Structures are given as C-alpha cells and as structure tokens.
Amino acid sequence: MKIFIDSAEIEEIKQAYEWGIIDGVTTNPSLIKKAVEKRQGKITMEDYIKEVLKTVTGPVSLEVIAVKADEMIEQGRFLYKKFSPYGKVVIKIPINPSLGSDSLDFDGLKAIRRLSGEGIPVNCTLVMTPEQAILAAKAGAMYVSPFAGRIDDYIRTKMGMKIGIDFKKGDYFDYNLLSEMRSLKLRESILKHGSLTDAYRSQYIKDIICVSQDNGILSGVDLVAKIVKIFRNYGFKTQVIASSIRNARQVREVAEVGADIVTLPFEVIMEMIRHYKTLEGIRDFISDVVPQYEEVFRRK
Ligand code: E4P
C-alpha cells in the first residue's frame, strides 16, 4: 500500500518525506487555505504550490475550484500545464460539484472524462458511495478518493451523536461493536414480534437499521472495502485512495481491505508510530545500559 500525506503544510510534507514513508501528496482548498494563512502573505499561492511540488517526488493532487464542467476542464488543464514542470501533478475533480443544483450533477464526470482523455491524471474526490466510485472509474479517473472519516461522522450524526460532544474528530468509530449491538436488537425484536415477517415490517427495526448505516454502508472502512472489491471484480485500473482518515486504526483497516493508497494527515502518522509498550521498552533498555556496553561504542 502506498502512503500519501494529506497536507499542504510544507514543513509536514518535508518531515514525512525525510522519514522515507511518503509516496505522494493530496491537497484540497481547505488544506491550502490553512497552510497559506499560516504564512501570512509571505509567499504567493503560485510559489507555494511550486514549493510543495519540488519537495515531493510522487504525485501531488491539486483541486479545481470551479463547479461547471467547462471551467473545471479549463482549470485542470491550466494547473497541469503550469505546475507539471515542477513535479507530478494530478487534478482533483469532485464527483458531483452541483452545490445542490441538479443541472450540474454530471459536470464532474464530464470533466473527468475530458481531462483523462487528454492524458491528464485525475483524482476523483468527495466519493461517498461505491456507485459514485464506479461512475468515476468508468469516466476514466486514475484515482478515486472515498472519504472514510466523513462517512463515519455521517453515520454517528444520523444516530444522534454530536461531534465535539459525543465523539471527537479523531475517535475511532467501532462499527463492529455497533453491528453486534444491531444483531442483539434484531434478535430481541424477532422474539417480540414472533415472526420474521412481522419483525421485518416493524418501524422499530427499520429505524435501527436505517440510522446505524448509510444505505448499506456500515462505516468509512466498509465504503473503501466495497469499492476495492468492485474494482477488483471487474479489473478496473482506477486506484483507490482511502481518504479522510482520522486515526491509526483506520489505516490498519483500510490496509486490511486492500486500499491501493491511504492519504494521511500528519497527526495520524504521528499516532501510528507511538505505543505505550514501545515507550516503556525503550526506557527499560536505556536504563539497563552497563558501562561495559558503552565502552564498545567508545572504542570505534
Ligand atoms: C482527500 O483527498 C481529502 O483531502 C481529505 O482526506 C479530506 O479529509 P477530511 O474529511 O478530514 O477533511
């Protein structure tokens, strides 16, 4: 599995590159905004992007900011032409840029189709369903980015949980535990109704099932797993970038389900390296160093 860094912070990108673990970068307008605000106008946007590209050897996803197909295509061509001399540019196109107006629903696909047809690599972003991923792959996207963390947020919110109160952004969503709880509730309901049919018909069951998933998607990791499976079923060449990753355990799980790439915020990389027993172990080893062992290093 390849690892990208999901950041526009040049210092974070440089550090992670030095650790030898990074194969590419993904950015989005929100990440770029955060990074540029930090620099307080000391550098132009253009120079900033060039700096990111020069730091990185792998692909760097840059997102368009228009929502109409023609404009996205123009912007995609522009970004690709302007910044390709500095690195490997990939153009990020939202799967559905409609902002709620149905007339733009398919503009993302049109842009993906056109840019990919011109040999410009496209990363289709904001993918929240396997169905959207299939459409992006058919249109020729080189990558699709399913947003695992945002799906977990969505399911928790549907269940009535509030971000910042019931869970924090980085909290692991335990969908396996939730599945077990759901099964217990189903069993109880079948016993109460006496027959499968009556239980299946009951509003109570529908409520439990509907709120604790998103139309058959049980979690963000489940979304990634389903897309990987579908792409493998049909030999789609499109690579799956597990995105919107919020914690280390999600990284393990998207690796288990076979994501081609995972894109990680810097904080998640930091979380991946740490474990209580590792810390305890290194403290023990260092405190057990005897002078005789130190002597070996002095006599180089
Ligand atoms: C992916 O390419 C996006 O930049 C990113 O993963 C979004 O993550 P978020 O949901 O934490 O904002």
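Just so it is clear, none of the values below were taken in a lab; they were calculated from the coordinates. In this text, all values refer to a predicted model and were calculated from it rather than measured experimentally. Here Cβ is always computed from backbone atoms with ideal geometry, including for glycine, and neighbour counts include all displayed protein chains.
Any chance the range 69-92 includes a residue that's of a type in the set (S, T, N, Q) and over 21 Å from the mean Cα position of the chain (by Cα)? Within the range 69-92, one or more residues are of a type in the set (S, T, N, Q) and over 21 Å from the mean Cα position of the chain (by Cα).
For the range 51-73, name all the residues that are away from the ligand (no atom under 16 Å from the Cβ) and either among the hydrophobic types (A, V, I, L, M, F, W, C) or under 26 Å from Pro97 (Cα atoms) (or both). If you could, list the steps in order and put the result at the bottom.
So the first thing to find is which residues in the range 51-73 are away from the ligand (no atom under 16 Å from the Cβ), and the list is 51, 53-55, 57, 66-73.
Across the range 51-73, the qualifying residues are Leu53, Ala66, Val67, Lys68, Ala69, Asp70, Glu71, Met72, Ile73.
For the range 127-141, residues that are crowded, with 21+ Cβ neighbours inside 10 Å and more than 18 Å from Gly216 (Cα to Cα) total 4.
Selection of the range 103-154 for residues being assigned to a helix (DSSP H, G or I) and within 16 Å of the ligand (Cβ to nearest atom) yields Gly108, Ile112, Gln132, Ala133, Ala136, Ala148, Gly149, Arg150, Ile151, Asp152, Asp153, Tyr154.
For the range 69-98, taking the residues that are in a loop (DSSP other than H, G, I, E, B) and in contact with a Lys or Arg (Cβ under 9 Å, 6 or more places away or on another chain), the one that is farthest from Thr55 (Cα to Cα) is identified as Pro97. Taking the conditions exactly as written (closer than 19 Å to Pro265 by Cα, crowded, with 20+ Cβ neighbours inside 10 Å and either out of contact with any strand residue (DSSP E or B) (no Cβ under 9 Å at 6 or more places or on another chain) or of a type in the set (A, V, I, L, M, F, W, C) (or both)), does Ile95 satisfy them or not? Spelling it out, it is not the case that Ile95 is closer than 19 Å to Pro265 by Cα, crowded, with 20+ Cβ neighbours inside 10 Å and either out of contact with any strand residue (DSSP E or B) (no Cβ under 9 Å at 6 or more places or on another chain) or of a type in the set (A, V, I, L, M, F, W, C) (or both).
Among residues of the range 172-191 that are farther than 21 Å from Leu223 by Cβ, those with a beta-carbon under 8 Å from a residue that is surrounded by 12 or more Cβ atoms within 10 Å (Cβ to Cβ) and small (Gly, Ala, Ser) at least six positions away or on a different chain give the pairs Leu186/Ala199; Ser189/Ala199; Ser189/Ser202; Ile190/Ala199. Annotation note: of Ala137, Ala148, the sole residue that is in contact with a Ser or Thr (Cβ under 8 Å, 6 or more places away or on another chain), more than 27 Å from Leu177 (Cβ to Cβ) and aliphatic (A, V, I, L, M) is Ala137. Find the residue count for the range 245-300, including only residues that are more than 30 Å from Val228 (Cβ to Cβ) and aliphatic (A, V, I, L, M). Summing the residues that are more than 30 Å from Val228 (Cβ to Cβ) and aliphatic (A, V, I, L, M) in the range 245-300 gives 6.
In the range 168-199, of all residues being among the basic types (Lys, Arg) and under 23 Å from Gln250 (Cα atoms), the one that is surrounded by the fewest Cβ atoms within 10 Å (Cβ to Cβ) corresponds to Lys168. Of all residues in the range 18-35, none are surrounded by fewer than 22 Cβ atoms within 10 Å (Cβ to Cβ), among the hydroxyl-bearing types (Ser, Thr, Tyr), more than 16 Å from the ligand (Cβ to nearest atom) and not in a loop (DSSP other than H, G, I, E, B).
Of all residues in the range 234-254, those being in a strand (DSSP E or B) and out of contact with any strand residue (DSSP E or B) (no Cβ under 8 Å at 6 or more places or on another chain) number 0.
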